[in-house]
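The values are calculated or read from the model by the stated rules, or taken from the named source; none is laboratory data. From a predicted model like this one, the values you see are computed outputs, not experimental measurements. Ideal geometry is used to build each Cβ from the backbone, glycine not excepted, and the neighbour counts take in all protein chains shown. Keep in mind that these areas ignore ligands, DNA and RNA; they rest on the heavy atoms of the full protein, side chains included. Shrake-Rupley method; radii C 1.70, N 1.55, O 1.52, S 1.80 Å.
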Amino acid sequence: MNSLIHIGFGNIVNAGKIIAIVSPDSAPVKRLVQHARESGRAVDATQGRRTKAVLVMENDRIVLSALLPETIRARAQSEEEETDET
């Protein structure tokens, strides 16, 4: 079963498709986000707020979130633990 995690403001992603959760502050990540926006591969889930996490997805998509990377990681780990228990 696919585990879905909440990434803020009613937005949900498939945790199994996440490759990386990174901070948007470094220059390489900023370039990655800019290229994704230009090619239509960026999904902005910030609802107009500051981007605090960039999720690199399996399907060559980038998801921008207003939640901290640590918060998303904790949610993904708790989902994984719940899945392991069942």
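When the residues of region 29-86 are filtered to those that are assigned to a loop (DSSP other than H, G, I, E, B) and polar (S, T, N, Q), which remaining residue is most open to solvent (accessible area, probe 1.4 Å)? Explain how you work it out, then say what you get.
Start the filter on region 29-86 by keeping residues that are assigned to a loop (DSSP other than H, G, I, E, B), which leaves 39-41, 45-52, 58-61, 66-68, 86.
Those still in the list that are polar (S, T, N, Q) too: 39, 46-47, 51, 59, 86.
On the way: 39: 70, 46: 3, 47: 108, 51: 34, 59: 99, 86: 143 Å².
Step by step, filter region 29-86, then rank; the result is 86.
Would you check if residue 5 is open to solvent by 50 Å² or more (accessible area, probe 1.4 Å) and within 14 Å of residue 67 (Cα to Cα)? Show your work before the answer.
Numbers: open to solvent by 50 Å² or more (accessible area, probe 1.4 Å): no; within 14 Å of residue 67 (Cα to Cα): yes.
No: the conditions fail for residue 5.
May I ask you to verify whether residue 79 is acidic (Asp, Glu) and closer than 20 Å to residue 3 by Cβ?
yes
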